[in-house]
Amino acid sequence: MAKYLAKRIFYLLLTLFIVITVTFFMMKLLPGTPLTNQAKLSPQEQHLILKQYGLTKPVWQQYLLYVVGIFHGNFGTSFQFSDQPVSYLISSRIGPSLLLGAQAMIIGVLPGILFGALGAINKNTWIDSGTTIISILGISIPSFVLAVLLQYYVGLKLGWFPIADWGGFSYTVLPTLALAASPFADTARFIRTEMVDVLNSDYIELATAKGMSKWGVIYHHALRNSLIPVVTIIGPLAVNIMTGSMVIENIFSVPGIGEQFVKSILTNDYPTIMAVTIVYSVMLMVVLLLTDIVYGIIDPRIRLTGNSN
Amino acid sequence: MADQIKLPADSFEPVDKSAHLDSEKIAAPNLTFLQDAWRRLRKNKSAVIAMTILILFFLAAFGSAIISPHNPNAVNPQFANLPPKWPGVDINGLNGTLNQAGSRVNAYAQAHAGSHVYWLGTDYLGRDLLSRILYGTRISLTVAVIATAVDLLFGVTFGLFSGWQGGRIDNFMQRLIEIIMSIPQLVVVVLLILVLKPGMMSITIAIAFSSWTTMARLIRAQTLELKEQEYVLAARTLGESSVKIAFKHLLPNLSSIIIIQTMFTIPSAIFFEAFLSYIGIGISSPQASLGTLLNDGQKNFQFLPYQMWYPAIVLSVIMIAFNVFADGLRDAFDPQTKE
């Protein structure tokens, strides 16, 4: 276990290093400077501003400084907001994003499990068709369309929840729902397939044959065994939520890092783009590592050894 | 033994052998793998409906130059924001009237556009929404199909090579995929688009570049299994080259996975294109894609909801149809999962 962990963490750091390097040099390929009014500035003034951002040094020195800086929690200075360190921008904005993401994950996965199980138990009946239709809709309707519809009909027309901005819990309801649709549908489909498989297996037949009640079989054997693989899709679901959060946060004006990312892209704020890229990658890598470890713990059939399987 | 029965030879009649032989005969023609899958697919009603819808959308989108009633980029400021009008239909929402201050007003009369017909209305620059949706669907579908084709080519080659080689090379290639997969796909796409400059071409490349890993993994896992099969061993013993084995033995056996995965990749590519255009780094005007139309429509949603509803419906229907069709294909190619 310790060996496995050490290996995984080594790969995690290697990946992180590659991500940092690639994003750094990609950003260097792009035109654009922190100067907003280049034509009006004298060369000396331009030089001074560039020097302030550390852009006058050779690229390799900038790179080394950047890497060293990251390990000290320094992501440079934002081009967009003058004198604002990027690390501050991110640390002040990551809270809402994490909260929304966690809520969406819970709101999506738990009902998804219920729906998928219902579909599998009542296979080839109208309940199955109903849950399948709902999950196909959830997968197919883009989250940003759903967000606008929720915002207008539930937020504005019905007036149940605030339509934008960030405050207490009620402000998180609509963005969470919009974000949760895709994990919900994915989980429901996944559980249905898993459970149909499990329900066909020998141990279910044995449990039924020894006289266990239908719901006893479903709860003790079928559901539990189909739940284990759900852990493996948490990673992909997290990616979905991160992707969704960029546009959902924008629609609902949530001060999160997704909204910041889109803003930075549109204003060519390279230090912020780089930092958010790194933060997103770290979050995904940690989720993937955690799910692998949890999977090994809850399913003794899986051995956490060096094997790539 | 005295009363032996004497039977003359002609009291026997030869049995018609042909009837007997036929009992073993297989009446139905031999079905190839694809024919068999097609037979199963045809039985799946929802998949057939989805396929029909997709064919219609493809025809409409790629025939947009012929069937679209107006020039999608022609700006007519005097006819801006006209609601949908269906000739001869008098239902609110389709008769060219708008809800203004509590009463319905004929927007066409107000704009002196009496004889003009805009089936789905016009946008804020007076461009015909129906034509824009048709052209937009074409761009969305083109981007998705080309991106998927590139993804397919690259993913299948990578997966085949990795699985076939095994050992160190495989290990290295798998680590590479793991690294790529631990960066959120959208972030990769965004970075690539920033470097390549927004446009149709760079979106296609970015989507293809970031989505091939799933295909590569599936193909590699299957190749690892297939290469242990006896027919592969036989082919190797007979001295077939690796390339020939890949094309003649592995690819046909991988085809169902490839087709199913492709069908799931296309809707996700459509989604990505729409997503990028929606946040403003995708297709740039005056070109339209479903994403840019949604973005334009969303700004006026409160007052002119049709400008967002129609592109949203088209996008959702295409996505639903692709997903249902892909589900149907999966069941058709792999009947075990359905049982």
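Peptide A:145-151 has a mean shielding of 4, counted as Cβ atoms of other protein chains within 10 Å of each residue's Cβ.
The listed residues B:Arg42, B:Arg104, once ranked by accessible area (1.4 Å probe) with the largest placed first, stand as B:Arg42, B:Arg104.
List the lysines whose Cα sits under 23 Å from the Cα of A:Lys28, skipping any in the same chain fewer than 8 residues away. Within the straight-line cut-off, A:Lys28 pairs with A:Lys51, A:Lys57, A:Lys263, B:Lys197.
Working from label points 7 Å from Cα in the Cα-to-Cβ sense, the A:Ile293 to B:Arg104 distance is 6.3 nm.
Between A:Leu64 and A:Ala102, take the C-beta separation as r, use R0 = 30 Å, and let me know the FRET efficiency to the nearest 0.05.
About 0.25, to the nearest 0.05.
Quick check: from the Cα gyration tensor, does chain B come out rounded (a/c under 1.5), prolate or oblate? It is oblate, given that a/c is not under 1.5 and a/b is not larger than b/c. For the protein assembly as shown, a simple Cβ point-charge model (Lys and Arg +1, Asp and Glu -1, everything else neutral) yields a dipole of about 1060 debye relative to the Cα centre. If you take the accessible area of A alone, add that of B alone, and subtract the area of the pair, what total do you get in Å², probe 1.4 Å, to the nearest 100? What A and B bury together is about 3700 Å². Among the lysines, select those whose C-alpha is under 26 Å from the C-alpha of B:Lys227, and discard any that sit fewer than 8 residues away in the same chain. By straight Cα distance, B:Lys227 reaches B:Lys244, B:Lys248.
Relative to the longest principal axis of the Cα atoms of chain B, helix B:167-181 runs at roughly 30 degrees.
Of the peptides B:190-201, A:51-62, the order by per-residue mean of other Cβ atoms within 10 Å, starting with the highest, comes out as B:190-201, A:51-62.
Within chain A, the whole DSSP H helices whose Cα atoms reach 24 Å or more along their own axis and whose mean Kyte-Doolittle score is at least -1.0 are A:2-29, A:86-121, A:170-199, A:230-251, A:270-298. Take the Cα of A:Lys210, step 7 Å toward its Cβ, do the same at B:Trp38, and the gap between the two points is 5.1 nm. How far is it, in nm, from the label point at A:Tyr4 to the one at B:Gln229 when both lie 7 Å from their Cα along the line to the Cβ? That separation, rounded to one decimal, is 3.2 nm.
Note on B:Val145: accessible area is roughly 60 Å² with a 1.4 Å probe, heavy atoms of protein only. Using the Cβ of B:Ile245 as centre and a radius below 12 Å, the other residues enclosed give a net charge of +3, where K and R count +1 and D and E count -1. For the residues B:Val187, B:Val15, a 1.4 Å probe over the protein chains yields an accessible-area ranking, largest first, of B:Val15, B:Val187. Seen against the Cα atoms of chain B and their longest principal axis, helix B:200-226 is set at about 20 degrees.
Each of B:Ala321, B:Val150, B:Gln35 was placed along the dipole of chain B (beta-carbon charges, centred on the mean Cα), and the one lying farthest toward the positive end is B:Val150. Heavy-atom accessible surface of chain A, averaged per residue, reaches 50 Å², computed with a 1.4 Å probe. Taking every C-alpha pair closer than 8 Å and separated by at least 6 residues, the mean separation divided by the residue count of chain A gives a relative contact order of 24 percent. Computing the accessible area with a 1.4 Å probe over protein heavy atoms, can you report the carbon and sulfur percentage for region A:88-266? C and S fraction of accessible area: 68 percent. Local charge for A:Pro58 was computed over the other residues whose Cβ lies under 15 Å away, with Lys and Arg +1 and Asp and Glu -1, and equals +3. Efficiency by 1/(1 + (r/R0)^6): what FRET value for B:Ile49 and B:Ala28, r their Cβ-Cβ distance, R0 = 25 Å, to the nearest 0.05? The computed FRET efficiency comes out at 0.40. Relative to the longest principal axis of the Cα atoms of chain B, the long axis of helix B:185-196 lies at roughly 60 degrees. Would you mind classifying chain A by shape? Square roots of the alpha carbon gyration tensor eigenvalues, ordered a ≥ b ≥ c; an a/c under 1.5 is rounded, otherwise it is prolate if a/b is larger than b/c and oblate if not. Oblate. Among the protein heavy atoms, those of B:Met308 account for about 0 Å² of accessible surface (1.4 Å probe, every chain in place). Residues A:Leu284, A:Leu99, ordered by accessible area of protein heavy atoms at a 1.4 angstrom probe radius and largest first, appear as A:Leu99, A:Leu284. Between the beta carbons of A:Glu45 and B:Val195, assuming R0 = 51 Å, the FRET efficiency works out to 0.95 to the nearest 0.05.
In chain A, the calculated helix contribution to ellipticity at 222 nm averages -23500 deg cm²/dmol per residue, counting -39,500 (n - 2.57) for every DSSP H run with n ≥ 4.
Solvent-accessible area of A:Ile18, all protein chains in place: 60 Å² (probe radius 1.4 Å, heavy atoms, ligands and nucleic acids excluded).
The residues packed around B:Leu82, meaning those with a beta-carbon under 12 Å from its beta-carbon, carry a net charge of 0 if Lys and Arg are +1 and Asp and Glu are -1.
Placing unit charges on the Cβ atoms of the charged side chains and taking the dipole of the protein assembly as shown about its Cα centre, the candidate lying farthest along the positive direction among B:Trp212, A:Thr267, B:Leu238 is A:Thr267.
Which value, in Å to one decimal place, does the Kirkwood hydrodynamic radius take for region B:179-228 when every pair of different Cα atoms is included?
The answer is 12.1 Å.
Between region A:48-68 and region A:105-160, how far is it from one alpha carbon centroid to the other, in angstrom? Comparing the Cα centres of region A:48-68 and region A:105-160, I get a distance of 49 Å.
Out of the chymotrypsin sites (Phe, Trp or Tyr not before Pro) in region B:11-71, which ones are loop residues according to DSSP with at most 15 other C-beta atoms within 10 Å?
Values: sites: B:Phe12, B:Phe33, B:Trp38, B:Phe57, B:Phe58, B:Phe62; in loops: B:Phe12.
Here the chymotrypsin sites (Phe, Trp or Tyr not before Pro) that fit, given the DSSP loop and packing criteria, are B:Phe12.
Would you please classify the overall shape of region A:120-232 from the alpha carbon gyration tensor, given that a ≥ b ≥ c denote the square roots of the eigenvalues, rounded means a/c under 1.5, and beyond that prolate means a/b larger than b/c while oblate covers the rest? Note, shape of region A:120-232 comes out prolate. About its Cα centre, the dipole of chain B is roughly 980 debye, where the only charges are +1 on Lys and Arg Cβ and -1 on Asp and Glu Cβ.
The values are calculated or read from the model by the stated rules, or taken from the named source; none is laboratory data. Keep in mind that what you see is a predicted model, and the values were worked out from it rather than measured. So basically every Cβ, Gly included, is an ideal-geometry build from the backbone, and we count neighbours across all protein chains shown. Just the protein is used for accessible areas: all its heavy atoms, side chains included, with ligands, DNA and RNA removed. Shrake-Rupley method; radii C 1.70, N 1.55, O 1.52, S 1.80 Å.
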